[in-house]
Amino acid sequence: MNRLSLTLALAASLVLTGCSGIDKNEGPRPGVRISDDRAPNQRLNLDTVVILDKSLQDRKSGKLAIENSGARRTAAGTVEAYAVIRNRTDFPLQIEGRTQFFDSLGLPLGAPSQWQRVYLDPQSINGYRELSTGTGEVAHYYIEIREGR
């Protein structure tokens, strides 16, 4: 047999074996959790701050450090999520932050907030804050930080 005949025979056998019956795995399938040490952020961690831009979070030349973060309930019943951010560079930085709030089951309560600009002087600390629009059902927050655009 020549190469072309062999390739055609192999392709025909693959097609025939693929059509030999009903796929028992047909239909919706549950999500699969990724367990890989090389992907430590494979899932959404609530009540945390995430730095989106790699240039800001590189371990060797990391420009930012999140010193503290949390949330507290205000007198009005809303939730204020906050982050204390350190500029580790010798030059001023412009960053942006936004927050999404979640209920006790981890379901999003509306869309994320608008991006809010934060200015950081060289080797300084500044804070980012966002208030929820809802009151009683807010249980978790998720803050995203990116380089200013």
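When a/c is below 1.5 the answer is rounded, else prolate if a/b is larger than b/c, else oblate, so apply that to the stretch 48-147 with a ≥ b ≥ c taken from the square roots of the Cα gyration tensor eigenvalues. Since a/c reaches 1.5 and a/b is larger than b/c, the shape of the stretch 48-147 is classed as prolate.
Expressed as a whole percent, the accessible area of the stretch 48-147 that falls on carbon and sulfur atoms is 47 (1.4 Å probe).
Computed over protein heavy atoms with a 1.4 Å probe, the accessible surface of the stretch 47-143 works out to 58 Å² per residue.
Each residue, LEU109 and ASN45, gets one label point 7 Å from its Cα in the Cβ direction; the gap between the two is 2.3 nm.
The values are calculated or read from the model by the stated rules, or taken from the named source; none is laboratory data. Given the structure is predicted, the values throughout are model-derived calculations rather than measurements. Glycine also receives a Cβ, built like all others from the backbone with ideal geometry; neighbour counts cover every protein chain displayed. These area figures cover heavy atoms from the full protein model, side chains too; ligands, DNA and RNA do not enter into them. Shrake-Rupley method; radii C 1.70, N 1.55, O 1.52, S 1.80 Å.
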